[in-house]
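The values are calculated or read from the model by the stated rules, or taken from the named source; none is laboratory data. None of the values given here were measured: they were computed from a predicted structure. Cβ coordinates were reconstructed from backbone atoms using ideal geometry, including for glycine residues, and neighbour counts include every protein chain displayed.
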Number of protein chains: 2
Amino acid sequence: MSIVALTGGVGGAKLALGLQRVLAPDALVLVVNTGDDFVHLGLHVSPDIDTVVYTLTGLVNVETGWGRADETWTFMQALAGLGGETWFRLGDGDLAMHVERTRRLAAGESLSAVTAHLARRLGLGVKILPMSDDPVRTRIVTADGELDFQNYFVERRCVPVVTALGYAGADTARPAPGVLEALRAPGLEAVVICPSNPWLSIDPILAVPALRVALHDCAAPVIAVSPLVGGQAVKGPTAKIMAELGMPVYAAAVARHYEGLLDGFVLDERDAGDAAQIGVPVCIADTLMRDLADRERLARTTLEFAGTLAGGRGAP
Amino acid sequence: MSIVALTGGVGGAKLALGLQRVLAPDALVLVVNTGDDFVHLGLHVSPDIDTVVYTLTGLVNVETGWGRADETWTFMQALAGLGGETWFRLGDGDLAMHVERTRRLAAGESLSAVTAHLARRLGLGVKILPMSDDPVRTRIVTADGELDFQNYFVERRCVPVVTALGYAGADTARPAPGVLEALRAPGLEAVVICPSNPWLSIDPILAVPALRVALHDCAAPVIAVSPLVGGQAVKGPTAKIMAELGMPVYAAAVARHYEGLLDGFVLDERDAGDAAQIGVPVCIADTLMRDLADRERLARTTLEFAGTLAGGRGAP
């Protein structure tokens, strides 16, 4: 029996951690967004993979939700002294991931092989798969022009008004080895779309054609956990982007965005009024994950909800 | 009026610092060994250039003679946790040099352009030139087989017995821009071969054909400062290599090694007995550089000695 979870970085990783804690290690497969990946200072950075790995191994800086705890910043200080680019902050310990990943990719290893190696070395028990070994790059069309993801997200701090999004390379990207197998596994109990930003973190995954088809065709229920709490994003620009894209900023609009893929939707109790406008079975829960107990509780609630949907798919 | 100094890392950098302190900034041109350069973890490391830059900008770790003072080692610790290669220790701040150099080289800049940029950013006033922008790689033939320089020097700690040395790529390497101009400058007063290891640090420079010819033909006196003090190397494997290559371990053998290029030799006072066996004019001095005053004093002594040789080249 197994669970597949689709996730981006910080927000999604919280629920992924909850799932890890309530499931046996071999029962969870994480499929992680790589649309944010980029080459910076010559190094291949996979922000969402690293955030998930750090979160699930306990290495994460819990205050920021990304990067390592007990980090030092000597490299960035020295780089500033050399006139190098410092808008994307790379901690000294974090840098080891990027250097080792880049070295292995240059030696011909796939991103999924490198990810598996690094995660195993850090003691991660669950299987973590990049959505694809082929490059997919999220591009943000804004009122200030088209931006690469990190230039929009980190350098410009999500300030530019988003008018459209694109996922360059997605059309021809193949799911990474293991992704389709996980979605077609006979023992698959549920697919959980974690409460990550639907446009920035989940859509790049869904833009990989064979992955989307496999998700659509999979026998197990597909459940999304709402990234909105009381009509607001817990962190990040989800609500801002929804408004800029001209849609009403409420949880039902997120469910509608996933229409055709979902069998169930976990809605925050503060948004319970949205339930009537969601065309799939809804589970109302406290989705705010403040502490570890919250993460485990939401994971259990989501899995129990999936259990009620198994055997007969909800109508979209 | 100008001085050219040929130098390797730690030992040579001490005299280079002395020369910097007694000369006007625009009067000194340093030509640095790049035979130790290598690509490690995907990064282009130029150990001798960095040691010289750190030494002359005051950033150096004075206890080791290489690397940066106030360094942190979080990257190496994290890399060890990932199962990466840790035999060559890269400090967090030092890493900024390698990352920025690698990025600029990949973008098409030459090593000399990158070196000039990094040195300028760190406030270095004197001109620092790699011996060549073309790759030259020192290879050590040992009783245990042929080794790359860093594998011999760092990983194997100079333990294998040296039977021969080679400088791969030297035959076709061209001097970096500025090197021949410096050696042919009408105002050139002296060329100083710093007390670096003749086989590991100076010979790679001399193995660049056009550089060697220009040195041989240059109008100014060429002075070598002995790397031996009392028949011993101050640091490093100079004496060990001399013995392994079957030559007598004394300063006169170093002078003989440079035969045909030298117009004068600065001999340590503890080796004064060697003077009669050296076929060029000799200056006897205290060459041990314990502190800054020693470095300045030896620099002045060397330049004054060169002054006595100017106008009429000593017979080899």
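State whether one or more residues within the stretch B:295-302 are polar (S, T, N, Q), part of a loop (DSSP other than H, G, I, E, B), crowded, with 16+ Cβ neighbours inside 10 Å and modelled with pLDDT of 95 or more. No, because not a single residue in the stretch B:295-302 is polar (S, T, N, Q), part of a loop (DSSP other than H, G, I, E, B), crowded, with 16+ Cβ neighbours inside 10 Å and modelled with pLDDT of 95 or more. If the condition is being buried (at least 21 other Cβ atoms within 10 Å of the Cβ) and either at pLDDT below 95 or part of a strand (DSSP E or B) (or both), then the stretch A:1-19 contributes A:Ile3, A:Val4, A:Ala5, A:Leu6, A:Thr7, A:Gly9, A:Val10, A:Gly11. For the stretch B:272-294, the set of residues classified as of a type outside the set (Val, Ile, Thr) and surrounded by 22 or more Cβ atoms within 10 Å (Cβ to Cβ) consists of B:Asp274, B:Met289, listed by residue number. Scanning the stretch B:56-65 for residues that are in contact with a helix residue (DSSP H, G or I) (Cβ under 7 Å, 6 or more places away or on another chain) and either facing chain A (nearest Cβ under 8 Å) or modelled with pLDDT of 95 or more (or both) yields B:Leu56, B:Val60. Of the numbered criteria (1) more than 8 Å from every other protein chain (Cβ to nearest Cβ); (2) in contact with a strand residue (DSSP E or B) (Cβ under 6 Å, 6 or more places away or on another chain), the one B:Arg104 fails is (2). Between A:Val4, A:Val53, A:Val39, the distinction of being among the β-branched types (Val, Ile, Thr), within 14 Å of chain B (Cβ to nearest Cβ) and within 20 Å of A:Pro195 (Cα to Cα) belongs to A:Val53 only.
To keep it simple, each residue is scored yes or no on (1) among the acidic types (Asp, Glu); (2) buried (at least 19 other Cβ atoms within 10 Å of the Cβ); (3) under 29 Å from A:Leu267 (Cβ atoms); (4) touching a His at 6+ places or on another chain (Cβ under 8 Å).
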residue	(1), (2), (3), (4)
A:Ala164	no, no, yes, no
A:Thr172	no, no, no, no
A:Leu180	no, no, no, no
A:Pro186	no, no, no, no
A:Val192	no, yes, yes, no
A:Pro195	no, yes, yes, no
A:Ser201	no, yes, yes, no
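Within the stretch B:152-189, being over 30 Å from B:Gly307 (Cα atoms) and small (Gly, Ala, Ser) holds for B:Ala164, B:Gly166, B:Ala168, B:Gly169, B:Ala170, B:Ala173. The set of residues in the stretch A:66-95 being farther than 24 Å from A:Asp148 by Cβ, at the interface with chain B (Cβ under 8 Å from one of its Cβ atoms) and aliphatic (A, V, I, L, M) consists of A:Ala78 alone. Only residues that are buried (at least 24 other Cβ atoms within 10 Å of the Cβ) and either closer than 16 Å to A:Glu100 by Cβ or not aliphatic (A, V, I, L, M) (or both) were counted in the stretch A:21-36, giving 4.
Would you pick out the residues in the stretch A:98-141 that are among the basic types (Lys, Arg) and touching a Lys or Arg at 6+ places or on another chain (Cβ under 9 Å)? Within the stretch A:98-141, no residue meets the criteria.
So for the stretch A:230-253 (the condition being more than 19 Å from the chain's Cα centre (by Cα) and within 24 Å of A:Ser132 (Cβ to Cβ)), does at least one residue qualify? Within the stretch A:230-253 (the criterion being more than 19 Å from the chain's Cα centre (by Cα) and within 24 Å of A:Ser132 (Cβ to Cβ)), the answer is no, since none of the residues qualifies. Within the stretch B:20-43, the set of residues being closer than 24 Å to B:Val136 by Cβ, outside any loop (DSSP other than H, G, I, E, B) and within 18 Å of the chain's Cα centre (by Cα) comprises B:Leu28, B:Val29, B:Leu30, B:Val31, B:Val32, B:Phe38. Being more than 9 Å from chain B (Cβ to nearest Cβ), surrounded by fewer than 24 Cβ atoms within 10 Å (Cβ to Cβ) and in contact (Cβ under 8 Å) with a residue 60 or more places away in the chain, is that true of even one residue in the stretch A:112-120? Within the stretch A:112-120 (the criterion being more than 9 Å from chain B (Cβ to nearest Cβ), surrounded by fewer than 24 Cβ atoms within 10 Å (Cβ to Cβ) and in contact (Cβ under 8 Å) with a residue 60 or more places away in the chain), the answer is yes, since at least one residue qualifies.
For the stretch A:121-136, taking the residues that are within 14 Å of another protein chain (Cβ to nearest Cβ) and either aliphatic (A, V, I, L, M) or under 18 Å from A:Gly18 (Cβ atoms) (or both), the one that is surrounded by the most Cβ atoms within 10 Å (Cβ to Cβ) is identified as A:Leu124. Within the stretch B:145-188, being closer than 17 Å to B:Val32 by Cα and free of Cβ contacts under 8 Å to residues at least 12 places away in the same chain holds for one residue alone: B:Glu181. A:Pro25 meets all of the listed conditions (1) within 14 Å of chain B (Cβ to nearest Cβ); (2) touching a strand residue (DSSP E or B) at 6+ places or on another chain (Cβ under 9 Å) but one, namely (1). Taking the criterion of being crowded, with 21+ Cβ neighbours inside 10 Å, hydroxyl-bearing (Ser, Thr, Tyr) and either without any contact (Cβ under 8 Å) to a residue 12 or more places away in the chain or more than 15 Å from A:Leu90 (Cα to Cα) (or both), the only residue of the stretch A:37-62 that qualifies is A:Thr55.
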